[in-house]
Amino acid sequence: MAGLSMYSVVFITQPLQNIAPADKQFFLLLSDMSKYILGALATLIAVKGKDQFVPPGLSTPKEREEAMKPTPPTTPPPAPMAPAQRVEPKIDPVSSAPVIQGFGGKLAPPPAPQPEI
């Protein structure tokens, strides 16, 4: 019964030309809410069913457990490397280039006077 009522609200459209604007908005909102609820329920059902999936050819629990075990790596792990030596960077002193204030080579206006408070 609940499924039929949800289907009628979500997928069956009624002529909405001769009803009050508030009722029209209510039915549109109800339709959107029911679509959201149906989507959430479908997602929960899909996630719940994912745990019960049995791959073809694995009929016993022992075969399923063996299939889920990780396979050992085929290549040997790389040899450990020697620790790297830290080298401090040399920083050259900053040249005293003239500071250009303003925009496009023009000087900036002088700051506004700030009275003491």
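The values are calculated or read from the model by the stated rules, or taken from the named source; none is laboratory data. Quantities reported herein were computed from a predicted structural model and do not represent experimental measurements. Don't worry about glycine lacking a Cβ; one is built from the backbone with ideal geometry, like all the others, and counts go over all protein chains shown.
Worth a mention:
- Residues in the stretch 21-31 that are out of contact with any helix residue (DSSP H, G or I) (no Cβ under 9 Å at 6 or more places or on another chain) and either at pLDDT below 80 or not aromatic (Phe, Trp, Tyr) (or both): 21, 22, 23, 24, 25, 28, 29.
- Options 76, 83, 55, 70: the member that is outside any helix (DSSP H, G or I), at pLDDT 75 or above and under 33 Å from the mean Cα position of the chain (by Cα): 70
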